[in-house]
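Comments concern the structure below.
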Amino acid sequence: MTAPPPVSPALTALLARVVDYAGLFPNVDFALVAVGEAYALPDEAPMTLFATARAAGWIAHALEQAESGVIIRPRARYVGVRPPPASPSASRD
């Protein structure tokens, strides 16, 4: 197995600035860009990796839900102020 490529000094510096500024580590977007940069992947690779992983998660979620027959996470419910009802427009031409 080969060793991972070295981390770019620019990415290391950017990471330090983000942590210093926000007090938090950046999200997965930063990691995907770092992977793309480290392996000299095409510009669209980070988005492709993200979408592929997200799709795999959605599929796994759907399979689990179908197998159990129960809606997963039913507690997600909007609790904010309800918007006013839509009023019909005077003219819909």
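Brief remarks on what is shown
- Dipole magnitude (debye, nearest 20) for the range 9-68, charges at Cβ of Lys, Arg, Asp, Glu: 120 debye
- Furthest towards positive pole of dipole, ALA60, MET1, TYR39, structure part the chain, Cβ charges: ALA60
- Dividing the mean sequence gap of close Cα pairs (under 8 Å, 6+ apart) by how many residues the chain holds gives a relative contact order of 17 percent.
- Extension gain, ASP29 back to ARG54 (0.36 nm per residue minus Cα-Cα distance, nm): 7.7 nm
- Sites listed here are GluC sites (Glu not before Pro) in the range 4-70 whose DSSP assignment is loop and whose Cβ has at most 14 other Cβ atoms within 10 Å: GLU44.
- Positive end of the dipole of the chain (Cβ unit charges, origin at the Cα centre): among ILE72, VAL28, PHE50, the Cα lying farthest that way belongs to ILE72.
- Counted charge near GLY36, where neighbours are those whose Cβ lies closer than 11 Å (Asp, Glu -1; Lys, Arg +1): -4
- Answer label, with Cα Rg over 2.2 N^0.38 Å calculated from the coordinates and candidates (1) 1.78; (2) 1.06; (3) 2.57: (1)
- Computed [θ] at 222 nm, deg cm²/dmol, the chain (DSSP H ≥ 4; -39,500 (n - 2.57); rounded to nearest 500): -17500 deg cm²/dmol
- Listed by Cβ neighbour count within 10 Å, with the fewest neighbours leading, TYR39, TYR78 appear as TYR78, TYR39.
Coordinate-derived values only; no laboratory data. The model shown is predicted, which means the values in this text are computed figures rather than measured ones. Ideal geometry is used to build each Cβ from the backbone, glycine not excepted, and the neighbour counts take in all protein chains shown.
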